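Have a look at the structure below, then the notes.
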Amino acid sequence: MSTARAIRHQRHDAAQRPFIVIWESTRACPLACRHCRAEAVPERDPRELDTSAARELLRQVAAFGRPAPLFVITGGDPFQRPDLTDLIAHGRSIGVRVAVSPSGTPTLTEERLREVHAAGAAGISLSLDGSTPALHDDFRGVPGVYDLTLDAWDTARALGMKVQINTTVARHNLRDLPDIVRLVADHGAMLWSAFFLVPTGRGRSLGPLTAGEVEDVLNFVYDMGRTVPAKTTEAHHFRRVALQRQILARTGEDPVAALGLGSLYRELSERAEELGPAGGERRVRRPPLDVNAGRGFVFVSHTGSVHPSGFLPMDAGNVRRTPLTEIYRTSELFTGLRDPGRLGGRCGRCEFGRVCGGSRSRAYGTTGDPYAEEPWCGYVPGSFPHQRELAALLPGAGAEDDVDAADGVDVADTASGKEQRVEHP
Ligand code: SF4
């Protein structure tokens, strides 16, 4: 069996250097999204990192070494910060690539996008939680956001910017996912990310999905990888699904029967078929990237506190007092999260544990223990029948492509906090 492109790993030691740093530049945002991690507010917080502190943070990111991690400015709405373009340009001048995750508000004008582009932004991410204005605007809490988002999307593409589209997968849009994918294919995007809710912030009020529904959606996202470049956020078991599907494709087994997929998977697949093949269908899937909270990923809050993800509100220090490099490399929280031996429950016994590990944010949000098993995964360790084939694809068997932050712009590769906000993590 070919072992190429099963999973992508970070080229550099994840214990020394993150792949991506997300900075919550402000919590100010005019929207009131139902899943907001940041519980965004209309006004900026006086405790935010000011311009000088933000420049210092960029220097700390550069100190990880070249190529520096991708630096994503999220919020709230980063367009609420007047120093946004100055910070993007500063990052660029010291070798840090910067991407921006704006909210779909009236600030998202062509003029602002031009400025951000001219300052050297590597790309932007936008949220799209429904294929119609009714679905999206209801979720975002403000009418008109859908139109603003689509206009900004087209404008950014016309300017030549890389665009990532983030979709929060929740009960309101489960059956709308094929239509969202079609929009992504039609308007064009560098990446589509399906974000699976974490019960934190306003997201606590949204009902959870069942493990079976999540399994169906993950397999659907895998299928859509042939249509659009697709990834998941806070659904690390997508990597398990990608490995299983690659093996089943080789053995010729039907994934519905082999993986026990349910009616939601069938419904989503039928709708995608009904919509017909999207133009420009890809033949090569984008393999999922092996990052997790604290392992390739770090989140810095608006006040400078450092967290393993935007959805894991455990604090490992503050960049005002301790360099980010030191916190990331040596704090007990980050080193613990990088140790697969600390995983509990099924994740601790799982043969996929090293490439998956489950959402530490969801484990914490559900149980209060960041090492507990992933509550939205129903996999029974050891139950996948092709263990020998699997062993050939797991880390150490040469099955991985190595990448670094210079190889792509994953604007919110794990919990940026934005996708779930209104936009999320
Ligand atoms: S049990 Fe845990 S480690 Fe195994 S696939 Fe599920 S989430 Fe991943």
Report summary line: For segment 108-144 the number of residues that are surrounded by fewer than 22 Cβ atoms within 10 Å (Cβ to Cβ), without any contact (Cβ under 8 Å) to a residue 40 or more places away in the chain and within 19 Å of Gln164 (Cβ to Cβ) is 3
Query raised in the report: Out of Val300, Val291, which single residue is away from the ligand (no atom under 16 Å from the Cβ) and open to solvent by less than 40 Å² (accessible area, probe 1.4 Å)?
Result: Val300
Requested in this report: Could you please find all residues in segment 165-183 being part of a helix (DSSP H, G or I) and either open to solvent by 10 Å² or more (accessible area, probe 1.4 Å) or at pLDDT 95 or above (or both)?
Outcome: Arg171, His172, Arg175, Asp176, Leu177, Pro178, Asp179, Ile180, Val181, Arg182, Leu183
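Residue-wise test of (1) farther than 18 Å from Arg175 by Cβ; (2) aromatic (Phe, Trp, Tyr); (3) away from the ligand (no atom under 16 Å from the Cβ).
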| residue | (1), (2), (3) |
| --- | --- |
| Ser193 | yes, no, yes |
| Val214 | no, no, no |
| Asp223 | no, no, yes |
| Pro229 | yes, no, yes |
| His237 | yes, no, no |
**Report entry** Those residues of segment 316-354 which are surrounded by 23 or more Cβ atoms within 10 Å (Cβ to Cβ), farther than 13 Å from Glu374 by Cβ and within 14 Å of the ligand (Cβ to nearest atom), in sequence order
**Finding:** Leu337
Query raised in the report: When you look at Val284, is it in contact with a strand residue (DSSP E or B) (Cβ under 7 Å, 6 or more places away or on another chain), away from the ligand (no atom under 16 Å from the Cβ) and not in a helix (DSSP H, G or I), yes or no?
Result: no
**Report entry** Any hit, segment 208-216, residues being at pLDDT below 95 and over 19 Å from Gly378 (Cβ atoms)
**Finding:** no
Query raised in the report: In segment 253-272, how many residues are closer than 23 Å to Ser131 by Cβ and assigned to a helix (DSSP H, G or I)?
Result: 10
Report task. Would you please list the contacts, defined by Cβ atoms under 6 Å and residues six or more apart or on different chains, that run from a residue in segment 370-382 that is over 19 Å from Asp339 (Cα atoms) and more than 6 Å from the ligand (Cβ to nearest atom) to a residue that is among the β-branched types (Val, Ile, Thr) and at pLDDT below 95? Result -> Pro375/Thr366
Query raised in the report: Can you list the helices (runs of 4 or more DSSP H) found entirely within segment 316-362 that contain at least 2 residues being more than 25 Å from Glu389 (Cα to Cα) and in contact with a helix residue (DSSP H, G or I) (Cβ under 6 Å, 6 or more places away or on another chain)?
Result: 324-330, 332-337
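The values are calculated or read from the model by the stated rules, or taken from the named source; none is laboratory data. Just so it is clear, the model here is predicted, and its values are computed rather than measured. Neighbour counts run over all protein chains shown; Cβ positions are idealised from the backbone, glycine included. Note: accessible area is taken over every heavy atom of the protein model, side chains too, but ligands, DNA and RNA are not part of it. Shrake-Rupley method; radii C 1.70, N 1.55, O 1.52, S 1.80 Å.
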